[in-house]
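Novice: Encoded as structure tokens, here's the structure I'll be asking about.
The values are calculated or read from the model by the stated rules, or taken from the named source; none is laboratory data. Computed from a predicted model, the values in this text were never measured in an experiment. Reconstructed Cβ throughout: ideal geometry from the backbone, glycine too, with neighbour counts over all protein chains shown. What goes into the accessible areas is simple: the full protein's heavy atoms, side chains included, and nothing from ligands, DNA or RNA. Shrake-Rupley method; radii C 1.70, N 1.55, O 1.52, S 1.80 Å.
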Amino acid sequence: MTAAREDAQQALHLNGARKSAQALPGGWLPVSILTAAAALCLILTFIALRLALSPPWLGIVPQADPAGSAVRLSSVAANGPARDMPPGQVTAIRGAGGETLAIEAEDLVEEPDFFDSYERLARFLNRQSALHAILTAGPVQLEIESEGERRWSEAVEPGRRPIADLPASFWVQIAVGTGSFLIGAWVWSLRRTDPGARLFALTGVTILLFTLPAAIYSSRELALDGGLLRMLSALNHAGAMAFGAAMIALFLTYPVRIAPPRALLALPLVVAPWFVADALWLLPDPALGIHLATLTEMILIVAAILLQYWWARRDPLARAALRWLGLSVVVGAGGFILTIAVPSLLGAAPSLSQGYAFAFFLLIYAGLALGVGRYRLFELDVWAFRILFYTLGAALLLGFDALLVYVVALDRAPAFGVALLVVAFFYLPMRDALARRFSLRNTLDRQTLLRAVIDVAFGSSGGERASRWQALLGRLFDPLECVAADEAVAAPAIRQEGLELAVPGAAGAPAFILRRPWGGRGLFGPDDAEVAKQLIGVMRHVETSRDAYERGAVEERRRIAADLHDDVGARLLTGLHCQEPHEIKEALREAMAEVRTIAVGLSGDSMPLGIVLADLRHEAGHRLERTGIDLVWTEKGAGTDDPFLDYPVYKNLVSAHRELISNAIRHARASRIDITVTREHGDLRLVFADDGEGFAEASENGRGSGLANVRRRISALDGRLDFGSSEQGGARVELILPLGKVMK
């Protein structure tokens with residue numbers, strides 16, 4: 001048993017991420033199969049319409065009295081042959097040759113299965129043939145009893161029944177049959193190698209087999225040929241019995257195989273003889289022939305579901321699929337059995353018209369469609385709906401176009417235009433609404449998702465970022481559990497056949513294992529893994545940008561700290577060691593100037609080069625004037641475009657300029673300093689020339705302190721610093737900055 005169970009698990013747990021083209025052998029694609037299935041449905045619907053419209057039509061709506069012994073005309077069609085027929089009780093019909101046949105309430109029985117004996121069934125079929133022969137022979141007369149008097153109506157020539165006269169139950173049965181068949185074909189087209197999918201598709205075929213014949217004979221106006229009616233009834237019985245057998249086989253195979261394929265052959269070996277006995281009227285009565293068979297099959301279906309549920313007790317994926325599909329089958333097929341089969345077996349009238357009771361079967365296939373979106377039944381995912389919806393849209397377009405051409409008699413071009421408008425304005429919005437309804441995924445628009453990622457990345461602490469990241473995963477997938485993974489996770493991966501999604505660590509959080517998404521109502525699919533992968537990619541990109549921002553902020557803080565220490569601190573330290581009051585004041589002024597420069601940098605504003613040079617000229621002139629040194633400031637090549645300097649460039653230029661002025665004041669013993677500012681060839685050139693002692697003589701007195709710091713600052717700006725002698729015999733310093741590298 002263990003080996004069999006492992007084999008069953010292996011058959012169940014196929015790779016759900018495979019694409020349909022890879023999972024399908026043969027050359028037919030799913031769209032091709034569904035297109036062929038839709039075409040077959042259209043052909044069979046056309047045949048059913050021809051058979052339903054072929055009997056002669058009077059345009060009357062006969063109805064049995066509640067007592068069940070008489071027939072009344074409930075209404076007549078305004079455009080029908082019998083439109084002048086007076087209301088009243090219909091007692092008999094007379095043919096063109098004078099043959100007369102009484103009209104009985106049993107002639108209006110919707111379903112032949114409801115007779116309690118084959119003798120009554122045979123009498124019903126014979127009367128149907130006789131009524132059909134009278135209607136086909138030519139003009140007929142109806143005997144009408146009104147106010148206690150009986151009289152024959154005028155002769156009425158039966159006509160061809162219009163499609164608009166068909167009752168709603170006809171279309172309900174057509175919709176149930178074709179809808180079930182198409183959904184079954186859809187599942188099989190995507191999983192042709194899966195035994196469960198094959199059996200489910202077979203149930204769709206059987207529903208088509210028993211609904212279309214029932215739609216024909218249950219929608220007759222008064223009579224249908226007895227032989228045709230018996231054949232259609234036999235097809236209805238064959239489809240109903242085959243449906244039960246296919247459902248039993250399905251739940252012995254899916255979601256876990258609990259019976260070998262050979263054992264399933266016992267089902268047709270039992271059902272086929274029962275059907276033959278029913279078709280040949282060998283059983284005690286019609287109710288036992290069909291309704292006892294379907295009730296027995298329903299009991300076996302429930303038993304197979306319970307057995308399947310016990311067998312899959314350790315497989316949460318199988319149980320999730322079984323709960324959904326099993327409940328749909330029990331409610332759908334069980335609803336029909338309770339309203340039709342059980343009352344018939346008990347000798348009571350059905351509580352619902354069989355034509356409308358067939359709608360219960362659509363619950364099975366609607367449950368399958370919802371189950372695909374929620375639990376990936378038959379290993380399908382939401383992507384499978386695209387194939388189904390597009391095929392249905394094409395079939396709807398062709399079918400409505402044919403209806404307009406052949407029934408409404410519109411020209412082909414306008415008919416196709418009207419059909420296209422109907423599909424565009426009605427079907428497409430409905431398709432999108434259904435697609436959103438089937439999908440349980442929480443969709444966040446890009447703006448919301450990006451804002452959430454940024455909120456996570458810029459959390460104030462690592463713990464807060466990890467908490468926000470976990471909350472974001474919860475918003476996206478709504479899992480019942482979100483736990484830290486015990487092992488490293490390199491990339492998002494689906495585990496446990498869709499029950500779990502492993503997500504790598506991000507935002508300072510560890511790798512997480514998400515279990516049972518969408519509040520426990522669904523499974524993870526390949527699209528979810530792709531969403532997680534893209535989300536992590538965006539998160540890591542934002543984290544990289546945040547880290548770069550933080551590194552830049554740290555570097556900026558360090559640079560400001562260094563400026564405070566090297567420049568302001570040095571000026572203040574110099575002032576502490578000065579003895580003369582004027583020297584102390586000078587040191588304090590220089591320190592205050594450095595503080596102002598740093599404060600400007602902290603404001604974050606860039607400084608135009610022209611304003612920077614004007615400030616330097618004013619500051620240098622003020623300092624030199626107090627020491628009795630003349631300043632000659634000359635600017636050349638000033639352009640109309642004034643570049644803006646960021647704080648590092650601005651600070652280094654100002655500090656270098658101040659240091660050079662300070663060295664001249666302290667060591668040059670000059671009476672004049674010439675500063676020439678030139679902008680040319682994309683460079684900023686500042687030349688300092690004095691008439692003092694020059695570098696050779698000044699070096700002995702300690703001149704040159706701080707010049708190394710000036711060189712460091714200028715080098716940081718990719719500039720150049722040259723020393724030499726001026727024409728007056730003093731020192732000359734040339735400072736060159738590439739403007740292209742300092743402009744903002």
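Novice: Scan the stretch 497-512 for residues that are in contact with a Pro (Cβ under 8 Å, 6 or more places away or on another chain) and either hydroxyl-bearing (Ser, Thr, Tyr) or farther than 17 Å from Ser467 by Cβ (or both) and jot them down.
Specialist: Keep residues of the stretch 497-512 that are in contact with a Pro (Cβ under 8 Å, 6 or more places away or on another chain), which gives 499, 501-504, 511.
Leu499, Leu501, Ala502, Pro504, listed by residue number.
Novice: Pick out the one residue from Val187, Val176 that is surrounded by 18 or more Cβ atoms within 10 Å (Cβ to Cβ), modelled with pLDDT of 90 or more and in a helix (DSSP H, G or I).
Specialist: On the way: Val187 fails: modelled with pLDDT of 90 or more.
Among Val187, Val176, only Val176 is surrounded by 18 or more Cβ atoms within 10 Å (Cβ to Cβ), modelled with pLDDT of 90 or more and in a helix (DSSP H, G or I).
Novice: Of everything in the stretch 622-647, what is outside any loop (DSSP other than H, G, I, E, B), out of contact with any Ser or Thr (no Cβ under 7 Å at 6 or more places or on another chain) and either open to solvent by 40 Å² or more (accessible area, probe 1.4 Å) or closer than 16 Å to Ala689 by Cα (or both)? Give them in sequence order. Walk me through it before giving the result.
Specialist: Initially, the stretch 622-647 is screened for residues outside any loop (DSSP other than H, G, I, E, B), giving 622-626, 630-636, 644-645, 647.
Among the residues that remain, those that are also out of contact with any Ser or Thr (no Cβ under 7 Å at 6 or more places or on another chain) are: 622-626, 631-633, 635, 647.
Passing the criteria: His622, Leu624, Glu625, Arg626, Leu631, Val632, Trp633, Glu635.
Novice: Select, from Leu325, Leu306, Leu338, Leu300, the only residue that is open to solvent by less than 60 Å² (accessible area, probe 1.4 Å), among the hydrophobic types (A, V, I, L, M, F, W, C) and either in a helix (DSSP H, G or I) or at pLDDT 85 or above (or both).
Specialist: Working: Leu306 fails: open to solvent by less than 60 Å² (accessible area, probe 1.4 Å); Leu338 fails: open to solvent by less than 60 Å² (accessible area, probe 1.4 Å); Leu300 fails: open to solvent by less than 60 Å² (accessible area, probe 1.4 Å).
Only one candidate passes the filter, namely Leu325.
Novice: Being in a strand (DSSP E or B), open to solvent by less than 70 Å² (accessible area, probe 1.4 Å), in contact with an Asp or Glu (Cβ under 9 Å, 6 or more places away or on another chain) and over 13 Å from Thr100 (Cβ atoms) is the filter here; which residues of the stretch 133-159 pass it? If you could, list the steps in order and put the result at the bottom.
Specialist: First, the residues of the stretch 133-159 that are in a strand (DSSP E or B): 140-146, 149-152, 156, 159.
Remaining after also requiring open to solvent by less than 70 Å² (accessible area, probe 1.4 Å): 140-146, 156, 159.
Those still in the list that are in contact with an Asp or Glu (Cβ under 9 Å, 6 or more places away or on another chain) too: 140-141, 156.
Listed by number, the list holds a single entry, Val156.
Novice: Scan the stretch 33-64 for residues that are open to solvent by 40 Å² or more (accessible area, probe 1.4 Å) and either under 18 Å from Pro158 (Cα atoms) or part of a loop (DSSP other than H, G, I, E, B) (or both) and jot them down.
Specialist: Across the stretch 33-64, the qualifying residues are Arg50, Leu51, Ser54, Val61.
Novice: Now for a different question. If a residue has to be crowded, with 19+ Cβ neighbours inside 10 Å, assigned to a loop (DSSP other than H, G, I, E, B) and at negative phi to count, how many in the stretch 500-515 make the cut?
Specialist: Within the stretch 500-515, residues that are crowded, with 19+ Cβ neighbours inside 10 Å, assigned to a loop (DSSP other than H, G, I, E, B) and at negative phi number 1.
Novice: When you scan the stretch 95-105, how many residues do you find that are under 60 Å from the mean Cα position of the chain (by Cα) and surrounded by fewer than 16 Cβ atoms within 10 Å (Cβ to Cβ)? So that I can check it myself, show each step before the final result.
Specialist: Filtering the stretch 95-105 down to residues under 60 Å from the mean Cα position of the chain (by Cα) leaves 103-105.
Restricting the remaining residues to those that are surrounded by fewer than 16 Cβ atoms within 10 Å (Cβ to Cβ) gives none.
Of the residues in that region, 0 qualify.
Novice: In the list Leu631, Leu653, Leu624, Leu616, which residue meets the criterion of being in contact (Cβ under 8 Å) with a residue 40 or more places away in the chain and under 60 Å from the mean Cα position of the chain (by Cα)? Reasoning before the result, please.
Specialist: Details: Leu631 fails: under 60 Å from the mean Cα position of the chain (by Cα); Leu624 fails: under 60 Å from the mean Cα position of the chain (by Cα); Leu616 fails: under 60 Å from the mean Cα position of the chain (by Cα).
It is Leu653.
Novice: Here is a follow-up. When you scan the stretch 229-250, do you find a residue that is open to solvent by 10 Å² or more (accessible area, probe 1.4 Å), of a type outside the set (Lys, Arg) and not in a helix (DSSP H, G or I), even just one?
Specialist: No, that holds for no residue.
Novice: Being more than 24 Å from Trp171 (Cα to Cα), open to solvent by 10 Å² or more (accessible area, probe 1.4 Å) and in contact with a Leu (Cβ under 8 Å, 6 or more places away or on another chain) is the filter here, so list the residues in the stretch 194-211 that pass it. Can you show your working first?
Specialist: Here is the first cut: in the stretch 194-211, the ones more than 24 Å from Trp171 (Cα to Cα) are 194-199.
Keeping just the survivors that are open to solvent by 10 Å² or more (accessible area, probe 1.4 Å) gives 194-195, 198-199.
Within the stretch 194-211, Asp194, Leu199 meet the criteria.
Novice: List the number of the failed condition for Ile207; all other conditions in (1) without any contact (Cβ under 8 Å) to a residue 12 or more places away in the chain; (2) more than 27 Å from the chain's Cα centre (by Cα) hold.
Specialist: (1)
Novice: Which of (1) within 21 Å of Gly227 (Cα to Cα); (2) of a type in the set (A, V, I, L, M); (3) surrounded by fewer than 16 Cβ atoms within 10 Å (Cβ to Cβ); (4) modelled with pLDDT under 90 does Val109 not meet, given it meets every other one?
Specialist: Condition not satisfied by Val109: (3).
Novice: Collect the residues in the stretch 460-489 that are in a strand (DSSP E or B) and open to solvent by 70 Å² or more (accessible area, probe 1.4 Å), keeping them in residue-number order.
Specialist: Initially, the stretch 460-489 is screened for residues in a strand (DSSP E or B), giving 481-484.
Hit for the stretch 460-489 is Glu481, nothing else.
Novice: Another question, then. Could you check the stretch 680-691 and list, in sequence order, the residues that are out of contact with any helix residue (DSSP H, G or I) (no Cβ under 7 Å at 6 or more places or on another chain) and either in a loop (DSSP other than H, G, I, E, B) or surrounded by fewer than 20 Cβ atoms within 10 Å (Cβ to Cβ) (or both)?
Specialist: Once the filter is applied, which keeps residues that are out of contact with any helix residue (DSSP H, G or I) (no Cβ under 7 Å at 6 or more places or on another chain) and either in a loop (DSSP other than H, G, I, E, B) or surrounded by fewer than 20 Cβ atoms within 10 Å (Cβ to Cβ) (or both), the stretch 680-691 yields Glu680, His681, Arg685, Val687, Asp691.
Novice: While we're here: Going through Ala92, Ala70 one at a time, which residue ends up being in contact with a strand residue (DSSP E or B) (Cβ under 6 Å, 6 or more places away or on another chain), closer than 13 Å to Leu222 by Cα and surrounded by fewer than 19 Cβ atoms within 10 Å (Cβ to Cβ)? So that I can check it myself, show each step before the final result.
Specialist: On the way: Ala70 fails: closer than 13 Å to Leu222 by Cα.
Of the residues listed, the single one that is in contact with a strand residue (DSSP E or B) (Cβ under 6 Å, 6 or more places away or on another chain), closer than 13 Å to Leu222 by Cα and surrounded by fewer than 19 Cβ atoms within 10 Å (Cβ to Cβ) is Ala92.
Novice: Across the stretch 112-126, which residue is nearest to Leu228 (Cα to Cα) among those that are open to solvent by less than 50 Å² (accessible area, probe 1.4 Å), touching a helix residue (DSSP H, G or I) at 6+ places or on another chain (Cβ under 7 Å) and part of a helix (DSSP H, G or I)? Write out each step before concluding.
Specialist: So in the stretch 112-126, the residues open to solvent by less than 50 Å² (accessible area, probe 1.4 Å) come out as 112-113, 115, 117-118, 121-122, 124-125.
Remaining after also requiring touching a helix residue (DSSP H, G or I) at 6+ places or on another chain (Cβ under 7 Å): 112-113, 115, 118, 121, 124-125.
With the extra rule that they be part of a helix (DSSP H, G or I), the set shrinks to 112-113, 118, 121, 124-125.
Numbers: Pro112: 13, Asp113: 15, Tyr118: 17, Leu121: 14, Phe124: 13, Leu125: 10 Å.
Selected residue: Leu125.
Residue-wise test of (1) aliphatic (A, V, I, L, M); (2) more than 33 Å from the chain's Cα centre (by Cα); (3) at pLDDT 80 or above.
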site: Ala3; (1), (2), (3): yes, yes, no
site: His13; (1), (2), (3): no, no, no
site: Ile33; (1), (2), (3): yes, no, yes
site: Ala39; (1), (2), (3): yes, no, yes
site: Phe46; (1), (2), (3): no, yes, yes
site: Leu51; (1), (2), (3): yes, yes, yes
site: Gly68; (1), (2), (3): no, yes, no
site: Ser74; (1), (2), (3): no, yes, yes
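Novice: Quick one: would you say Arg191 is touching a Phe, Trp or Tyr at 6+ places or on another chain (Cβ under 6 Å), farther than 28 Å from Phe251 by Cβ and in contact (Cβ under 8 Å) with a residue 24 or more places away in the chain? Lay out the reasoning, then the answer.
Specialist: Working: touching a Phe, Trp or Tyr at 6+ places or on another chain (Cβ under 6 Å): yes; farther than 28 Å from Phe251 by Cβ: no; in contact (Cβ under 8 Å) with a residue 24 or more places away in the chain: yes.
So Arg191 does not fit the description; no.
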